[in-house]
Amino acid sequence: MELKGKRVTVVGLMRSGIGAANLLSELGAEVTVTDRKTREELMDSVHRLLPSVKLCLGGHPEEIFQDTDLVVISPGVPINIPELKNASAKGIKIIGELELAYQIVNSKFKIQDSKIPEFLAITGTNGKSTTTALLDFMMKKGGFRTIFGGNIGNALTEEILKEVSSEQLAVGGSELTADFIVAEISSFQLESIEAFRPGGAAIINITPDHLDRYHSLEEYRDAKARIFENQRADDFLVLNADDPETMKVKNEKLEMRNKNPKIFYFSRKKEVEGLYFRDGQIYCNFPLMTGTVPILPPLAGKSGTVPLYPLPLIRVDEIKIKGVHNLENAMAASAMALLAGCPFKAVAESLKEFPGLEHRLEFVRVMNGVRYFNDSKGTNVGAVIKSLESFTESIILIAGGRDKAGDFSQLRNLAKERVKAIVLIGEAKEKIKKALGDLTRTVIAKDLQEAVHLSQSMAVKGDVVLLSPACASFDMFIDFEDRGRQFKKIVMELT
């Protein structure tokens with residue numbers, strides 16, 4: 001990928017756009033960033049750009065898509081907008097920020113020990129941030145150097161730029177000292193890949209989401225499946241054996257290919273080739289293998305003898321992050337780490353130490369015997385199902401926000417069984433009330449602060465107050481993080 005002197009248009013000025021624009025500029029490209037929002041709306045982002053980056057804000061003029069050599073799009077930009085369709089028809093190359101990062105890593109850097117850092121990529125509907133962060137924790141614990149980013153909130157292009165200096169880039173290359181690039185990957189990012197080929201990939205689950213962008217669950221599932229599109233026989237893929245939609249991907253996509261990656265599984269319900277749960281323990285069950293996947297070295301005993309499978313990895317009650325969904329996340333991350341060569345001991349110790357992520361079923365406080373949890377990252381119905389399954393106590397559920405064409409009726413069984421009251425906010429409040437309001441006490445609040453106070457008034461000792469919205473946040477907040485932090489602030493101020 002030769003970028004020096006090339007004209008590049010970057011579409012979208014949020015985290016990915018900022019990272020892409022700055023890295024491209026440092027590599028000598030003539031960069032123009034465009035966004036439909038105005039300069040005033042994007043002032044914080046504008047201040048993070050290098051002075052050499054040109055701006056075209058408040059719209060997408062046709063000429064900046066036509067008079068360019070390359071277009072790089074941010075994940076939130078649909079690939080089918082008219083400006084991109086016209087540019088593609090003219091033969092202009094269009095890629096996403098993920099693909100840009102991948103191609104730059106594989107073409108622009110002098111690599112430490114002549115080895116290109118391997119991408120370890122995780123996608124799925126729910127739990128991918130926790131799984132990716134846990135995998136990165138494990139790899140670092142195992143002594144590997146990693147670059148960590150992607151959909152988790154740190155653009156890969158930005159993280160790559162942190163690893164090298166402007167002076168090194170100016171002389172035509174640099175050295176990436178990372179062993180692995182650990183990346184959370186969204187379906188939006190996968191829409192615009194071209195050559196992206198992770199050495200290790202995982203699909204942890206697929207449930208309906210983003211149906212305001214995709215026409216069907218099948219279309220969304222197909223986007224997720226692109227994570228292994230370019231994988232080869234010496235790569236590996238980890239799948240959730242218990243998830244019907246993930247297994248459809250395997251049956252419909254992988255069995256049609258001639259050359260597949262090595263496939264492993266994780267399961268809470270049955271013994272599989274990979275990792276599985278049984279009798280309170282996680283077991284590691286890898287068969288004897290040859291090839292480039294380094295199964296045996298990290299698992300071999302001191303004498304170098306081949307271990308017997310299955311091996312007990314850890315008791316579930318020793319894992320620091322709790323909940324049914326986190327058991328699956330733990331198995332997925334462990335499988336990825338072990339397959340990538342992480343020592344067995346480092347994986348087990350990481351499971352005991354990893355504290356979890358903010359806004360993912362995050363404990364906030366106990367007050368008068370009532371526990372408060374922040375699950376602001378629960379932006380779809382599937383995520384809320386996992387969260388509700390994690391409690392045996394009576395739950396007061398705070399939900400609502402901007403609808404993503406979710407089917408809230410899927411919550412009916414769990415709501416009837418575990419939810420004593422529902423407090424609704426945001427644009428989707430009436431839709432959710434229609435789907436669930438006949439099952440339990442349901443009230444509408446004007447904002448999050450009122451929702452928390454209403455929940456407090458209904459809760460008794462032993463109850464759980466859970467913010468798990470099943471919706472996007474953009475109707476009332478900057479993003480899910482803003483929503484979660486406001487929730488925590490309100491809860492901490494309760495008296």
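The figures follow:
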item	result
Percent carbon-and-sulfur accessible area, the chain, ignoring ligands, DNA and RNA, probe 1.4 Å	50 percent
Packing-based ranking, highest mean first, of 427-437, 254-264 given that Cβ atoms within 10 Å are counted	427-437, 254-264
Cα gyration tensor category, rounded, prolate or oblate, for region 371-452 with a/c compared to 1.5	rounded
Rounded to 5, the percent of DSSP beta bridges in the chain classed as antiparallel	20 percent
For region 61-72, Karplus couplings with θ = phi - 60° (6.51, -1.76, 1.60), whole Hz, Gly/Pro x	x, 4, 5, 6, 8, 9, 9, 8, 9, 8, 10, 10
1.4 Å probe accessible area per residue over the chain, in Å²	42 Å²
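The values are calculated or read from the model by the stated rules, or taken from the named source; none is laboratory data. Quantities reported herein were computed from a predicted structural model and do not represent experimental measurements. All Cβ positions, even for glycine, are placed from backbone atoms using ideal geometry, and neighbour counts span all protein chains on display. Only protein heavy atoms, including side chains, enter the accessible area calculation; ligands, DNA and RNA are left aside. Shrake-Rupley method; radii C 1.70, N 1.55, O 1.52, S 1.80 Å.
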